[in-house]
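Asker: Structure provided below as structure tokens; questions to follow.
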Amino acid sequence: MIQTWRLDTPSQTLILASANGAMAEVVYWGQKLPADEDLSQVYAVQRIDVTGGMLDDNPPVSICPEAIRSFPGQTGLIATSNSGVQLTPTFVLHEAEEQQDLLRLVYEDSHLQLRYTATFELHCPTEVIEASATLESAEPVHVHWLAAPVVPGSQASTQMLDFAGRWCGEMQTLRSPWQPGIRLRESRSGRSGHENFPGLLTLEAGTTNTQGRAYGFHYGWSGGHRMVCETLADGRRQIQFGHAMHTELAAVRVFSTATLYLTHSTDGINGIARAFQRHVRQRVIPATPTHTPRPVHYNCWEAIYFDHKLDDLKAIASRAAELGAERFVLDDGWFGRRDNDTHGLGDWWIDKRKYPDGLTPLIDHVHSVGMQFGIWLEPEMISPDSDTYRAHPDWALGPRDQTLGRQQMVLDMANPNVQAYLYDAICELLAHNAIGYVKWDHNRVLPLPDAAQTRGTYALFAKLRQSFPQVEFESCASGGGRLDYGILAHTQRVWLSDSNDALERARIQHAAAIFLPASVTGSHVGASVSHTSGRVHDISFRAWVAAQRHMGFEMDPRALTADEAQTLSHITRWWKTQRDWLMSADILRLESNDPAVLIEQHLSEDGEQFLVFVNRLDTSTQILPQMLAMTALEADARYRLELVNRDELGALSRGNPLLKHDGGEFSGQYLMAQGLSLPWSFPGRCLVLKGLRLR
Ligand code: GLA
């Protein structure tokens, strides 16, 4: 007997089938099918042949491929009993629960007393499917690997796109062909990390940013993931995501994967980006406490590092506020005896040498100039040279003689005493100081990966958020590398990179936009000479790059020249006039055949307006810019265009393209089919084009 289940979003259909109660398989996932499609026929027609050199029947690429069925690839579950015996369950369908937008399939092996549950939840407004799996056992078992529900890789896709990275070089895009065997990505550092972002796209031949079929995957877990993209000898493909292997260190009765976020697009990579960006905004992040527009940040790290002096900080705050900042974040160095990064982590009390009257004088000053106050913490870490470590050396994770990272160790977040200490210390700080924002850092990898660590961190976040619902949290991902949706379920912003070099930043944020909306992606205007690359960029480029995301400043504002200050406040004022719609716009990546140029179109959710940011990163091989064509406009609608920053064009732009004096009005069709000729500009500049739909 064949049982089938069908789930639909407005543009996708997912069909699962199970033969005679065996583990279900995804028999179709892709573009929406007509309502009257015969599901058992779909099951029948996608079944593959048998020939020489094969088993007499093909074990399915099920949602949890089973070893017992002679599956010729990676299985979905690897577990052993408490005494070390390999568990090879034969799961039989026990129950299928179908609701609007939800499917839960429960399987049991009554002999081994194991239960496997797969859940698929659809979110129609965002077009994202959330899938997860749980294993339950009567006796504690060791779960070495459990994949979130496995989906087949489309044989029409030719390419896998995933991400590598490093500190100040995050989100580097990798493209690999499907080949026999496995493409494996596994983050074994105990955090999602810069090196292995837990995301994947599979693309058909010819799929670009703006067109073609693509599938998107994201595993929402901060403790390190494992991705297996496998091509079997028979040509079938499977895609598995789960926690990094062997990170559940104890035997357990219940083990759940994190959520695997899935989406399919017929609009190229942008369709994936739009779905994931909307999903993060609408479903993943906690509501921002005040529901106010995203405030312009000022972060003092690159202005003062560890050199905290109240008068300087007050002067900096005043100047930042004059320039348009609305939230002041006091970075590392305010606590313990933290004069550099060799000591003090864990001593979460205010350094009375630097702040004899506590933080109140600074906070009052920050408030008096109209800004909210935020603070830096790195709760999961401890310096061996700290009072807290001296009192509790057993609180640190891993061996005493471990290799340190940034001279620090990691606290054991599964230890209730550590949880209690951190909760009390942070409560004390937040309860007695008017702090509206916490930048939460994580500047080293774990000595060994351990899922309990991530659960402990999530638990602490949850408790703090419950006690301080008005406080917003940021996952500082350049220290921590945690950009995943697991951490975003507890935080409202990520610090994407420590590189404030506008050129590098533009590239990093452009890649990250496949998964992250502008509203959660911090981007700051750094110093004229970048502190991490030594590159020099003009203030307008630095400001426009930051204005493409959640904008902030991170230089010493007292060091800006009068011209720089004027440009920065002008662009910041402009950003504030746009942010209400811009922070909920879809970031669409435009094609650029010129590698020197990186272009984004930010389209409002209602399609009424858009901004195109043309980031000129380098000089081009040709003399003049290529035509700029847009995407996702309504073909028959008319749009009025305007070059927002035409005042920045230099004298070397001597010609007269229309955009220089009047943007003109065009149909969406024209703008998408051919587009516009752009004025010439220097490298290290950004042209900003505004489009308004006419009524
Ligand atoms: C990390 C962060 C920086 C800053 C420093 C402070 O590197 O990414 O923004 O907060 O830590 O030590």
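The values are calculated or read from the model by the stated rules, or taken from the named source; none is laboratory data. Computed from a prediction, not measured in an experiment: that's the story for all the values here. Positions of Cβ are generated from backbone atoms using ideal geometry, with glycine treated the same way; all protein chains shown enter the neighbour counts. Accessible surface areas use protein heavy atoms only, side chains included; no ligands, DNA or RNA. Shrake-Rupley method; radii C 1.70, N 1.55, O 1.52, S 1.80 Å.
Asker: For region 338-401, with all protein chains present and a 1.4 Å probe, just round the carbon and sulfur fraction of the accessible area to a whole percent. Write out the running numbers ahead of the final one.
Answerer: Values: 1340 of 2620 Å².
Summing carbon and sulfur atoms, their accessible area is 51 percent of the total for region 338-401.
Asker: Could you state the accessible area per residue of region 617-681 in Å², with a 1.4 Å probe and every protein chain left in place?
Answerer: Numbers: 3640 Å² over 65 residues.
So region 617-681 comes to 56 Å² accessible per residue, rounded to a whole number.
Asker: Distance between Cα centroids, region 241-259 to region 623-695: provide it in whole Å.
Answerer: 51
Asker: Here is a follow-up. Cα to Cα, under 13 Å, and not fewer than 8 places away if on the same chain: which aspartates and glutamates meet these conditions relative to LYS463?
Answerer: ASP424
Asker: Among GLY224, GLN100, VAL42, whose Cα lies farthest out toward the positive end of the dipole of the chain, if unit charges sit on the beta carbon of Lys, Arg (+1) and Asp, Glu (-1)?
Answerer: Working it through, the farthest residue towards the positive pole turns out to be GLY224.
Asker: At 7 Å along the Cα-to-beta-carbon direction for both SER467 and GLU95, put a label point, then send me their distance in nm to one decimal.
Answerer: Between SER467 and GLU95, the label points sit 3.7 nm apart.
Asker: In the chain, if the dipole is taken from +1 on Lys/Arg beta carbons and -1 on Asp/Glu beta carbons about the Cα centre, which of ASN82, TYR28, PHE373 is farthest to the positive end?
Answerer: Of the options given, the answer is PHE373.
Asker: Considering only DSSP beta bridges whose two residues both sit in region 275-396, what percent are antiparallel, to the nearest 5?
Answerer: Working: 1 of 8 bridges.
The answer is about 10 percent antiparallel.
Asker: Right, another one. For the full complex of protein chains and a 1.4 angstrom probe, list THR257, THR360 by accessible area with the highest value first. Walk me through the numbers on the way to the answer.
Answerer: Details: THR257 15, THR360 65 Å².
Reading off the accessible areas and sorting them downward yields THR360, THR257.
Asker: Mind checking the dipole of region 435-488: about its Cα centre, +1 per Lys or Arg Cβ, -1 per Asp or Glu Cβ, Debye to the nearest 20? Before the final figure, lay out each step's value.
Answerer: Values: 6 positive and 5 negative charges, 24 e Å.
Charge dipole of region 435-488: 120 debye, to the nearest 20.
Asker: Still on this structure, I have one more. For the chain, what is the convex hull volume of its Cα atoms per residue in Å³? Don't skip to the end; give the middle numbers.
Answerer: Details: hull volume 115.8 nm³, N = 695.
Roughly 167 Å³ of hull volume per residue.
Asker: Counting Lys and Arg as +1 and Asp and Glu as -1, what is the net charge of the other residues whose Cβ lies under 15 Å from the Cβ of VAL42? Working shown, then result.
Answerer: Working: positive: ARG6, LYS32, ARG47; negative: ASP8, GLU25, ASP36, GLU37, ASP38.
In short, -2.
Asker: Between region 523-587 and region 60-136, how many Å separate their Cα centres?
Answerer: 48
Asker: What is the sum of charges, Lys and Arg at +1 and Asp and Glu at -1, for the other residues whose Cβ falls under 12 Å from the Cβ of GLN172? Don't skip to the end; give the middle numbers.
Answerer: Numbers: positive: ARG166, ARG175, ARG507; negative: ASP162, GLU170, GLU195, GLU504.
Overall, the nearby charge balance is -1.
Asker: Can you tell me the Rg and Dmax of region 146-293, counting just the alpha carbons, in angstroms?
Answerer: Over region 146-293's Cα set, Rg and Dmax evaluate to 16.2, 55 Å.
Asker: Could you size up the charge dipole of region 566-621 around its Cα centre, putting +1 on the beta carbon of Lys and Arg and -1 on that of Asp and Glu, and report it in debye to the nearest 20?
Answerer: So the magnitude is around 360 debye.
Asker: For region 534-687, what is the Kirkwood hydrodynamic radius in Å, using each pair of distinct C-alpha atoms?
Answerer: Working: mean 1/r = 0.0606 Å⁻¹.
Computed over region 534-687, the radius equals 16.5 Å.
Asker: Show which lysines lie in cross-link reach of LYS352 when reach means a straight Cα distance below 27 angstrom and same-chain residues fewer than eight apart are skipped.
Answerer: Partners found: LYS309, LYS314, LYS439.
Asker: Let me ask something additional. Given +1 on the Cβ of Lys and Arg, -1 on the Cβ of Asp and Glu, and no further charges, what dipole in debye does the chain carry about its Cα centre, rounded to the nearest 20? Before the final figure, lay out the partial values.
Answerer: Details: 61 positive and 81 negative charges, 239 e Å.
Charge dipole of the chain: 1140 debye, to the nearest 20.
Asker: Please give every one of the lysines within straight-line cross-link reach of LYS576, meaning a C-alpha to C-alpha distance under 16 Å, and leave out same-chain neighbours fewer than 8 residues apart.
Answerer: Straight-distance partners of LYS576: LYS690.
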